[in-house]
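Structure in structure tokens, see below.
The values are calculated or read from the model by the stated rules, or taken from the named source; none is laboratory data. Because the structure is predicted, anything quoted here is derived from the model rather than measured. Glycine gets a Cβ as well: all are built from the backbone with ideal geometry, and neighbour counts include every protein chain shown.
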Amino acid sequence: MVRTMFKAASLGAAALFAVAVAGDVQAQPKNQADCEKLYKPTVGQSGKDVVWVPTPDELVRRMLTMAKVTDKDFVIDLGAGDGKIAIAAAKAPFSANSLGIEYNPDMVKLANCMVQVEGVPSKTKVIQGDIFKEDFTKADVITMYLLPELNLCVRHRILGMKPGTRVTSHQFTMGDWKADETAEIEYRNAYLWIVPARVAGAWTFKDSGSMQFAVNLTQTFQEIAGDVTLANGKQPLVGATLRGTDVRFAFNDDKGNTRTFTGSVKGAQLVGTLRAPNGPEVAVTGTLQGQPRAGEWATMLSQCGRFYGK
Ligand SMILES: C[S@@+](CC[C@H](N)C(=O)[O-])C[C@H]1O[C@@H](n2cnc3c(N)ncnc32)[C@H](O)[C@@H]1O
């Protein structure tokens, strides 16, 4: 389906260009100037919810590098403009499949013409659509250069995507969802977030023998904390972290030895190892008791209703 869409878009851009330059000798766009015969945008021109300003090339590369984009990924740029992020994602060294969603139909024509010029029509396309209506949840990586309020109003949908999805934004943050990584290039910022798995709840851990302990986790975005209950009572977890599906925490066992759990969420289980300093690594599995606790932090903010016709 996506492949068919790519093909249709490529043929569409080529045909449009051929019509636009009818009378010229060339039938295929060769460069940006050719594409700007279809439509020449102006930096700062208004858009549906945000104006068009392109992200500088170096920052585009940095955003895609931060997100560790590879040829296994499907990248979606929200508000794609002239398609430059989607195109860069499709080209080496990233070589991903990608898609741009852009509201302005003229920008879409220009972007798909640039897709031709850059030689990546089999890997990318830009579609006309509204980011508040289109489904972008199949992406492995989301890129965006929008506005703080727009970021906040797509945030709940991003948080509903599969854990481990990477999100990178030029310039604007996501409110109280702190970035996992930040970079600065010539006074411009790039931010990266990793969609966290839902881990809040009561977990019972067991190894293959008789060891057993209970962990209670609380969560706000990727920040987790909690306590562990052992034979000698309850104590707070130390250094609990969550990155995508990867969980780590430590505690002191009954003998006062620090034990570190490292593992990852697999459905309703936390599968990993427990290690004591200078001691053996023991395989342990945690099982969630009941459902993961709902997270207020992952719900739509009240001011966002207007973008969704509510
Ligand atoms: C700041 S530009 C960023 C362009 C590109 N992502 C880049 O970084 O070079 C934002 C783009 O979003 C588009 N846009 C604004 N509101 C939109 C909406 N609701 N849905 C899709 N695109 C939108 C604008 O037309 C503009 O091209």
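Hey, any hits in region 84-98 for a residue that's more than 9 Å from the ligand (Cβ to nearest atom), surrounded by fewer than 24 Cβ atoms within 10 Å (Cβ to Cβ) and within 29 Å of Lys310 (Cβ to Cβ)?
No, that holds for no residue.
Mind checking which residues of region 53-82 are near the ligand (Cβ under 8 Å from one of its atoms) and either surrounded by 19 or more Cβ atoms within 10 Å (Cβ to Cβ) or free of Cβ contacts under 8 Å to residues at least 12 places away in the same chain (or both)?
Thr55, Val60, Asp77, Leu78, Gly79, Ala80, Gly81, Asp82
Restricting to region 124-138, what's the tally of residues that are more than 14 Å from the ligand (Cβ to nearest atom) and buried (at least 21 other Cβ atoms within 10 Å of the Cβ)?
1
With respect to Glu186, determine if the residue is assigned by TED's automatic domain parsing to the domain that holds Val53, within 16 Å of the ligand (Cβ to nearest atom), more than 14 Å from the chain's Cα centre (by Cα) and at pLDDT below 95.
So Glu186 fits the description; yes.
A follow-up question, please. Among the numbered criteria (1) at pLDDT below 95; (2) surrounded by 11 or more Cβ atoms within 10 Å (Cβ to Cβ); (3) not basic (Lys, Arg), which single criterion is violated by Asp34?
(1)
Could I ask something else about it? Among the strands (runs of 3 or more DSSP E) contained in region 205-310, which hold 3 or more residues that are crowded, with 17+ Cβ neighbours inside 10 Å?
In region 205-310, the matching strands (runs of 3 or more DSSP E) lie at 212-220, 223-230, 246-252, 258-266, 269-275, 281-289.
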